[in-house]
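No value in this document is a laboratory result; all are computed from the given coordinates. Since the model is a prediction, treat every value here as computed from it, not as a measurement. All Cβ positions, glycine included, derive from the backbone under ideal geometry; neighbour counts span all protein chains shown.
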Amino acid sequence: MHQLTLTQIARGLADKAFSAEELTRTLLGRIAEHDAQLNSFITVTEDQALEQARRADQRRAAGETGVLLGAPIAHKDLFCTRGVLTTCGSKILHNFVSPYDATVVAKLAEAGAVSLGKLNMDEFAMGSANESSHYGSVKNPWDRTRVPGGSSGGSAAAVAARLIPAATGTDTGGSIRQPAALTGLTGIKPTYGRVSRWGMIAYASSLDQGGPLARTAEDCALMLGAMAGFDPKDSTSVDQPVDDYLATLNKPLTGLRIGLPKEYFGEGLDGAIAEKVLAVVEELKKLGATIKDISLPNMQHAIPAYYVIAPAEASSNLSRFDGVRFGYRCENPADLTDLYKRSRAEGFGDEVKRRIMVGTYALSAGYYDAYYLKAQRIRRLIKNDFVEAFTEVDLILGPTTPNLAWKLGEKNADPVSAYLEDIYTITANLAGIPGLSMPAGFVDGLPVGVQLLAPYFQEARLLNVAHQYQQVTDWHTRAPAGF
Ligand code: GLN
């Protein structure tokens with residue numbers, strides 16, 4: 001049962017091949033058996049899951065037919081879940097039980113999805129390897145000596161290991177697409193504003209966006225359909241109808257114009273990954289696409305701009321964690337200043353502190369113009385590059401990551417080398433456009449991902465192209481040995 005995709009599960013539930021409760025018990029059993037090797041869950045909500053599953057079975061017996069009714073999922077631990085521990089991977093929230101559900105959590109629950117628990121992640125979503133979590137690093141199911149990517153590393157590992165068919169994630173600079181690539185999954189970061197951020201613990205508010213990780217594009221379409229939509233509680237949420245992502249999956253690709261940015265295939269890209277990416281291009285040509293070489297001339301400035309803007313926003317967002325209102329508080333504070341200082345010093349990990357310091361520095365009076373303002377100007381240039389490119393092509397294609405999943409601990413001493421892994425993903429967040437990563441093969445037994453980028457609100461197009469590719473290839477069906 002655990003090998004079924006979300007779409008197959010929907011069919012099985014509709015045909016009464018199994019009940020939501022049976023399925024939930026099976027997957028809870030798999031988590032109990034396998035997760036010790038992966039560390040993908042921070043909290044397993046067994047009782048609540050069984051209760052939700054029974055309710056889904058009752059709703060179905062009463063005549064409801066929703067596709068996600070009874071579908072097992074889990075949430076990245078930065079989505080607030082009422083009555084359930086919500087840690088954001090941090091010691092500072094080690095005891096935080098949210099009083100409310102994030103909009104995404106509420107929407108999926110309404111659709112009948114059953115949440116099995118909360119997934120491990122980099123602390124405050126800062127990282128590309130899931131090694132900055134207070135709850136320990138997550139292992140890649142394809143090779144447990146390697147990282148699963150980050151920051152949604154728990155989501156990726158749990159789905160890749162068939163503990164759950166789909167999970168929520170968030171993507172500020174690549175945290176859905178990069179772990180999807182390193183674990184052989186399909187993941188989509190929607191257009192900024194497409195999915196509500198309400199109840200999603202903020203890292204960098206102008207870049208953060210929630211989305212699904214699953215095995216197939218079809219499953220991502222199912223999940224995104226339920227997650228997306230206008231939310232008056234999020235002032236950056238966009239009031240625009242949600243496309244029917246399932247309805248356009250089978251659109252033929254004839255005449256689709258795909259752009260290959262020359263900057264994506266230059267220095268720094270692993271040659272074996274480049275080959276896999278070009279093989280995808282050949283498949284898409286057979287499906288009717290035409291290819292054009294394009295340029296995104298400001299891409300080289302994306303990492304420095306992102307690593308000013310994201311820490312700047314983080315330094316402001318994370319000021320609310322002060323030991324007073326919620327979360328960790330130091331023992332025996334001498335006075336209020338001591339309480340602030342020690343609660344934060346003891347509650348935050350090294351990477352989070354590094355970013356708070358960088359961000360505070362970039363926003364400080366003497367340096368604001370030189371760093372923050374300049375980074376914002378670069379951001380606009382990057383956006384303009386995409387707007388320009390999309391006058392010539394419908395879609396942009398390239399690698400999701402420059403390298404394969406690296407060894408646990410390999411980049412710990414050199415944070416900048418980990419920052420460089422985001423080179424292909426962060427531009428989409430800076431511009432606000434949607435991006436998808438899908439499996440494109442294996443190198444040395446490790447998954448490789450291809451990234452597709454589209455104009456604003458064209459998630460349906462991304463899912464359509466990925467689905468068509470997945471009709472003629474089987475990379476997305478491969479499971480890691482032992483799972
Ligand atoms: N790796 C990037 C960072 O550390 C992106 C993380 C994310 O998308 N949340 O900021």
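Numbers for the structure displayed
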{"read-out": "Computed label-point distance, nm, for sites GLU22 and SER316 using a 7 Å Cα→Cβ extension", "value": "5.3"}
{"read-out": "Set of aspartates and glutamates near LYS285 by C-alpha distance (under 18 Å), chain-local residues within fewer than 8 positions excluded", "value": "GLU275, ASP293, GLU392, ASP394, ASP474"}
{"read-out": "Residues of type lysines that LYS383 reaches as a straight line, Cα spacing below 19 Å, ignoring anything fewer than 8 places off in the same chain", "value": "LYS189, LYS262, LYS374"}
{"read-out": "Peptide ranges 469-480, 175-186, 58-69, 423-434 listed from the most packed, as the mean C-beta count within 10 angstrom indicates", "value": "175-186, 423-434, 469-480, 58-69"}
{"read-out": "Gyration tensor verdict on the range 150-265 (Cα atoms; rounded if a/c is under 1.5, prolate if a/b is larger than b/c, oblate otherwise)", "value": "rounded"}
{"read-out": "Computed lengthening from ASN332 to GLU283, 0.36 nm per intervening residue step minus Cα-Cα distance", "value": "11.3 nm"}
{"read-out": "Förster radius 45 Å - calculated FRET efficiency between LYS262 and HIS94, Cβ distance, rounded to 0.05", "value": "0.45"}
{"read-out": "Order by protection proxy (mean Cβ within 10 Å, highest first), peptides 296-307, 217-228, 342-353", "value": "217-228, 296-307, 342-353"}
{"read-out": "Relative packing of 100-111, 15-26, which averages over residues the other C-beta atoms within 10 Å, highest first", "value": "100-111, 15-26"}
{"read-out": "Local net charge near HIS301, Cβ-Cβ under 15 Å (Lys/Arg +1, Asp/Glu -1)", "value": "+2"}
{"read-out": "Neighbourhood charge, 13 Å Cβ-Cβ cut-off, centred on ALA362 and excluding it, Lys, Arg +1 and Asp, Glu -1", "value": "+1"}
{"read-out": "Set of lysines with alpha-carbon distance to LYS341 below 26 Å, sequence-local pairs under 8 removed", "value": "LYS91, LYS353"}
{"read-out": "Backbone HN-Hα couplings from phi across the range 391-397 [Karplus 6.51/-1.76/1.60, Hz, Gly and Pro as x]", "value": "7, 9, 10, 8, 8, 10, 10"}
{"read-out": "Computed [θ] at 222 nm, helices only, for the chain once each DSSP H run of length n ≥ 4 contributes -39500 (n - 2.57)", "value": "-11500 deg cm²/dmol"}
{"read-out": "Rounded Å value of the spacing that divides the Cα centres of the range 167-239 and the range 375-389", "value": "22"}
{"read-out": "Net length gained if the chain between VAL324 and THR145 were fully extended (0.36 nm per residue, minus Cα distance)", "value": "60.5 nm"}
{"read-out": "Zero-based 10 Å bins, Cα pair distances in the chain, whole percents", "value": "4, 22, 33, 27, 11, 3, 0, 0"}
{"read-out": "Nonlocal amide H pairs with GLY398, under 5 Å, H built at 1.01 Å", "value": "GLN451"}
